[in-house]
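Quick notes on the structure that follows.
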Protein chains: 2
Amino acid sequence: MRISELAATTGSNVSTIKYYLREGLMPPGVSRGATQADYGPAHVHRIRVVKALAEVAGLPLHRVREVLRLIDEPGEDTFSTLGRAVAALPPYLHDAGAQESESGTDYPLARAAMESLGQVFDPGYAAVAQLERALQAVAAAGIPLGDEQLAVYGRSLMEMAEYDIAGIPGEPAATVEHAVLGTALYEPVILALRRLAHQDAAARRLGDPPRP
Amino acid sequence: MRISELAATTGSNVSTIKYYLREGLMPPGVSRGATQADYGPAHVHRIRVVKALAEVAGLPLHRVREVLRLIDEPGEDTFSTLGRAVAALPPYLHDAGAQESESGTDYPLARAAMESLGQVFDPGYAAVAQLERALQAVAAAGIPLGDEQLAVYGRSLMEMAEYDIAGIPGEPAATVEHAVLGTALYEPVILALRRLAHQDAAARRLGDPPRP
């Protein structure tokens, strides 16, 4: 298809697609003369991925490029590629100084939580710093995460994670793409569903349900 | 205590506290002469709440004020106060035009999801628009939420929500404050725990665990 059809199919502007091409975010089409090129399903797919990362998940361009490189060249160790890909997603924590203190890497709250849940504690994994920061914030606000609460959250989230991981494709590039899009785009779904679950549970508890 | 002690206790600057006072985000202290005022535990608590909302959850000032007003004057219907308070939290969806179409309020994806989960569908609740948007995004990226996946997510999140709601205080003002802080500050905890659960489940599935 021509670039105008590619734009129509993906709901993009031609100028946006040209920008993606110029920035190397997608491979060029097959040349059909000096001013025309032909695009196929792989281009449609790539545009959807770029739009999801840039426009929906809000990644800056250099992060989008980083994720695409990991999708295109996942390397031999898919597990560590996954870690790098997910680390390219927001939130971006800025006080990198806290990561390597003089006594080595230290995330006391996150470490305690992982030990309590019986999960591996890998301080190099980006979500560990994210958890430490989040646990500091709830403690500072006077609503620290309790042991029982952590156990309930950990069990429920592991149930969801097991389901997600069972569905990942076998092929490394597809695995990385799936994990990145799934992490970035399902997080808003989960937060909205959680707020709706709260509403449902609160209606039952407060005996004051909304009008149907 | 004096304002300098209040600042030290809450890890704030005196100028920040004066700003909160000027903006009416906290009640004045008890006057101790022309230039001094005395502050107590209620001020310490209020500063923690304001900081959590403004600095951690990232609410703009007018939203912080809105939440504080709902905490201070929860009204007779705690359930609907809760809805308004949670609606003051991010994400803020800008295309309000989509909310009231000519054929009335319409969130087809969110409605189908709520019906499938057997939960109340209340289009006036802010999280419904949030869910609709999130479900549109996963569909556009080619990874729509499947029925089985929705069932797994819905069940796990309801388990967490039931636990949260069982722990809310009985007194309306405390309930509203607890719900707002819990929603805003536990969401980052949950997303970090989910990424860590994925890492744990992926390590088992890919047979390539990180070095302990």
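The values are calculated or read from the model by the stated rules, or taken from the named source; none is laboratory data. Here the structure is a predicted model, which is why all the values come from computation and not from measurement. Heads up, the Cβs are rebuilt from the backbone with ideal geometry, glycines too, and the neighbour counts pull from every protein chain shown.
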Any hit, the stretch B:26-39, residues being of a type in the set (Asp, Glu), in contact with a strand residue (DSSP E or B) (Cβ under 7 Å, 6 or more places away or on another chain) and either part of a helix (DSSP H, G or I) or at pLDDT 90 or above (or both): yes
Filter result for B:GLY118 (at positive phi and at the interface with chain A (Cβ under 7 Å from one of its Cβ atoms)): no
Residue within the stretch A:144-151 that is facing another protein chain (nearest Cβ under 7 Å) and at pLDDT 90 or above present: yes
Tally, over the stretch A:40-77, of residues that are within 23 Å of B:PRO91 (Cα to Cα) and within 11 Å of another protein chain (Cβ to nearest Cβ): 10
Residue in the stretch A:183-206 that is more than 7 Å from chain B (Cβ to nearest Cβ), part of a helix (DSSP H, G or I) and over 19 Å from the mean Cα position of the chain (by Cα) present: yes
Contacts under 9 angstrom Cβ, first residue in the stretch B:135-148 being in contact (Cβ under 8 Å) with a residue 12 or more places away in the chain, partner hydrophobic (A, V, I, L, M, F, W, C) and in a loop (DSSP other than H, G, I, E, B), 6 or more apart: B:LEU135/B:LEU145; B:ALA139/B:LEU145
The one condition in (1) more than 13 Å from chain A (Cβ to nearest Cβ); (2) at pLDDT below 85 that B:LEU93 fails to fulfil: (1)
Cross-chain or 6+ apart pairs with Cβ under 8 Å, the stretch B:155-171 first and more than 7 Å from every other protein chain (Cβ to nearest Cβ), then among the hydroxyl-bearing types (Ser, Thr, Tyr) and part of a helix (DSSP H, G or I): B:ILE168/B:THR175; B:PRO169/B:THR175
Subset of the stretch B:1-25 [in contact (Cβ under 8 Å) with a residue 12 or more places away in the chain, over 17 Å from B:ARG69 (Cα atoms) and either in contact with a strand residue (DSSP E or B) (Cβ under 9 Å, 6 or more places away or on another chain) or assigned to a helix (DSSP H, G or I) (or both)]: B:MET1, B:ARG2, B:ILE3, B:GLU5, B:LEU6, B:THR9, B:THR10, B:ILE17, B:LYS18
